[in-house]
Amino acid sequence: GNPFSQGSHHGVEFPTRERFAGAAGTVGAGSGNILYHANGTIIANPKIYVIWYGSWAGTPCTETSTASTPGIINYFLQNVGGSAWNAINTTYYQTINGVVTYVPPTAPWSGCFVDPGSQGFTLDGYSTITPGLKLIDNVVSNALALNAFGPADPNGVYFVLTSANVVVNGFVNSSLKSYCGYHDSLVSGTTTVKFSFVGDPGTNIASCAGQTAASPNGNVNADAMTSVIAHELVEAVSDPLGNSWFDAAGYENADKCAWTFGTTTSVGSAKQNTTVGGRPYLIQQNVAANTNTCLMTAPAAAAPKISSFSPTFGPSITITGTNLLRATSVSFNGTAGTNVTVVSATSVTVTPPASGTSGKITITTPGGTSAASSANYYFPAGPITAPATAVVGSTITITGTNLLGATAVNFIGTTTITATPTVATSGLSLTVKVPTGATSGSITVKTPAGVSTASPVLIAPTIASFTPTNGTRNAATLYKVTITGTNFAGATSVTLTGVSGVAYTVVSPTSITATFLLPTTLATSTTAKFTVVTPAGSVTSTGSFTIK
């Protein structure tokens, strides 16, 4: 079959081959926009592996200078992942089981292997044209069998780069002269491996180069190979199995822009259209998803916006908003979440960090970082600290972490009394008025993310009443008065003004009995007050005991 018959992506018609320059179409070749096809796959975490096959001088895997073909190409592949040109591919995605996953902006160099010619110097490109010849597939399989890169990587793109003396059927240095490179896949064990072939055209350079008299790095063949490698890289990542992104005529993304270079500038007598890692290159353009426009940099994205999110506390949240496609990170008041998953242009799910500070959420996409959410996300409060003592009706300060959003402070003593706090915007402290009826015990603070408990607090005593309220001077009569109130536990002293020798018994936190004599030496018509002292403080009765 014709490798350029673009009518479908099946059988010998897949994969799309990089046509030689003389057969290139015009900008926007094919039919309509590059579109996504249901359940198609991308390479969600692409990595680059290189097999230098054939007769290459020196140590091809370690070369990065412009003195050799491997050096020029290695440097490009080691730096292309973070380039503006590669960012065009971040517009491509897959939708599997309702989950949208985008191509990331990186493609790290992950391994290199030199094969001096294990499969011979005449190979078949993509089918058995000549019986007995080894396929490019065998070069990849051999490297994997030798464990040259470790286990077969389903996220890898394995580039087979052949030297000029290796003849590959279908390549421009063979009699077929059909293509300059291609991408395909094979199965290694249980792993589907994606690979690409690009060869050194040798003296057939005019068929695979955008310029032949000069080139940006002073090596026409290396610069020509780099342009084809770039083309195959973005296609292998966006449409690795031929089932995801292509137009109505079967063209993949880089096919739409084959042999088009956009705006160029001069490098001596050569031309360049981009820099990668600071070096000049002339590479073919790419087209963004759902478009038919050739580009050298990713199209501008609209800024994301958060409308809401839910829940406000939990192991996973859903953010709703606009322009959320290609979300790369979510920040929880400055701490990054994990497992950012784009569900749609208006929905993203994320796992909050294990710990952080309660506050606003922002989301980042290629369009920028959103404004902070109107609502807060809440982390569990840390340990809290309250004063050791307090007085009913007074205002106390409780300190801790993640107190933002606190709705209640519970004073848990004889009974539980709840008060409403005022929380500092930092979430590090709150103030609360000790409510009437509060008794000594623990304090808890309730936040949207749970409850935190402070060490026990002692509430100062109160006196509500006492009985009897009077007595007559009589050295022989021992008076017994019952005092009622709150927080009498641990009382260390009970006194009556002007009366010595008052004995007392703490019956309960709300009751004390006091016994004493009223000797005749006391003045008549004397009014005296009871004072109760506890570790939390003291209280003097408002009412008076009358001595007759």
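The values are calculated or read from the model by the stated rules, or taken from the named source; none is laboratory data. This one's a predicted model, so the numbers in the text were calculated from it and none came from an experiment. Using ideal geometry, Cβ is built from the backbone for each residue, glycine included, and neighbour counts are taken over all protein chains shown. Each accessible area value is taken on the protein alone, full model and side chains, heavy atoms only, with ligands, DNA and RNA left out. Shrake-Rupley method; radii C 1.70, N 1.55, O 1.52, S 1.80 Å.
Highest first, please rank the peptides 236-245, 323-332, 260-269, 117-126 by the mean number of other Cβ atoms sitting within 10 Å of their residues.
Taking the mean over residues of other Cβ atoms within 10 Å, the ranking is 236-245, 323-332, 117-126, 260-269.
With a Förster radius of 45 Å, plug the Cβ-Cβ distance of T320 and S455 into 1/(1 + (r/R0)^6) and report the FRET value to the nearest 0.05.
0.65
Taking amide H positions as placed in the peptide plane 1.01 Å from N, state which residues far from K305 in sequence (5 or more) or on other chains have amide H under 5 Å from it.
When sequence neighbours closer than 5 places are left aside, the close amide H contacts are T322.
Give me the percent of accessible area attributable to carbon and sulfur for the range 147-271, probe 1.4 angstrom.
51 percent
Going 7 Å from the Cα of S374 toward and past its Cβ, which residues in the range 292-328 have a backbone nitrogen under 12 Å from where you end up?
The answer is 306-309, whose backbone nitrogens lie closer than 12 Å to the label point.
R0 = 25 Å: FRET efficiency of T513 with T416, Cβ-based, nearest 0.05?
According to the calculation, E is roughly 0.35.
How much length is gained if the chain between A57 and K548 is pulled fully straight, taking 0.36 nm per residue apart and subtracting their Cα-Cα distance, in nm to one decimal?
164.7 nm
Pull out a ≥ b ≥ c, the square roots of the eigenvalues of the alpha-carbon gyration tensor of the range 189-255, then state rounded if a/c is under 1.5, prolate if not and a/b is larger than b/c, and oblate in the remaining case.
prolate
Between T328 and T192, what length comes free when the chain is fully extended (0.36 nm per residue of separation minus the Cα-Cα distance, one decimal in nm)?
Stretched out fully, the T328 to T192 stretch lengthens by 46.3 nm.
State the volume of the convex hull built on the alpha-carbon positions of the chain, expressed per residue in Å³ and rounded to an integer.
192 Å³
Please say if the range 438-479 is rounded, prolate or oblate, where rounded means a/c under 1.5 for a ≥ b ≥ c the square roots of the C-alpha gyration tensor eigenvalues, and otherwise the choice is prolate for a/b larger than b/c and oblate otherwise?
Here the range 438-479 falls in the prolate category.
At 222 nm, what helix-only mean residue ellipticity would the chain give, in deg cm²/dmol to the nearest 500, using -39500 (n - 2.57) for each DSSP H run of four or more?
Result for the chain: -2500 deg cm²/dmol, rounded to the nearest 500.
Would you kindly derive the ³J(HN,Hα) couplings of the range 340-345 from the backbone phi angles with the Karplus curve 6.51 cos²θ - 1.76 cosθ + 1.60 (θ = phi - 60°), listing them in order in whole Hz, with x for Gly and Pro?
Once θ is set to phi - 60°, the couplings for the range 340-345 become 6, 10, 7, 8, 6, 5 Hz.
Taking the highest mean first, how do the peptides 191-200, 73-82, 514-523 order by number of other beta carbon atoms within 10 angstrom per residue?
191-200, 73-82, 514-523
Amide H neighbours of I34 under 5 Å, counting only residues 5+ apart in sequence or on other chains, H built in-plane at 1.01 Å?
Counting only residues 5 or more places away or on other chains, the set is N290, T291.
Whenever you get a sec, line up W259, W85, W109 from highest to lowest accessible area (probe 1.4 Å, protein heavy atoms).
Ranked list, largest accessible area first: W109, W259, W85.
Which value, in Å to one decimal place, does the Kirkwood hydrodynamic radius take for the range 134-237 when every pair of different Cα atoms is included?
14.4 Å
Note down the magnitude of the dipole of the chain about its Cα centre, charges +1 on Lys and Arg C-beta and -1 on Asp and Glu C-beta and zero elsewhere, to the nearest 20 debye.
With Lys and Arg at +1 and Asp and Glu at -1, about 2840 debye.
Classify the range 223-308 from the C-alpha gyration tensor, please: rounded if a/c falls under 1.5, else prolate or oblate depending on whether a/b exceeds b/c.
Taking the square roots of the gyration eigenvalues as a ≥ b ≥ c, the range 223-308 is oblate.
Run through every distinct alpha carbon pair of the range 405-444 and return the Kirkwood hydrodynamic radius in angstroms, one decimal place.
Result for the range 405-444 stands at 10.5 Å.
Please list, in chain and number order, the residues 5+ apart from V276 or on another chain whose amide H is under 5 Å from its amide H, with Hs placed from the backbone.
Close amide H contacts, sequence-distant or interchain: Y281.
Would you please put 418-424, 90-96 in order of how densely packed they are, using the mean number of other Cβ atoms within 10 angstrom per residue and starting with the highest?
90-96, 418-424
Using the beta-carbon distance between T526 and T436 and R0 = 45 Å, what value does 1/(1 + (r/R0)^6) give for FRET efficiency, to the nearest 0.05?
Result of the calculation: an efficiency of 0.90.
Please compute the contact order of the range 213-350 in relative form: average sequence separation of alpha-carbon pairs under 8 Å and at least six residues apart, divided by the residue count, as a percent.
Relative contact order here is 17 percent.
Using the Kirkwood formula on the Cα atoms of the range 64-118, what hydrodynamic radius do you get, in angstrom to one decimal?
By the Kirkwood definition, the hydrodynamic radius is 13.5 Å.
Sum up the lysine pairs in the chain that clear both bars: alpha-carbon distance under 30 Å and a spacing of 8 or more or different chains.
Close lysine pairs found across the chain: 20.
Run the numbers for L428 and A67: contour at 0.36 nm per residue of separation, minus the present Cα-Cα distance, in nm.
In short, 123.9 nm is gained.
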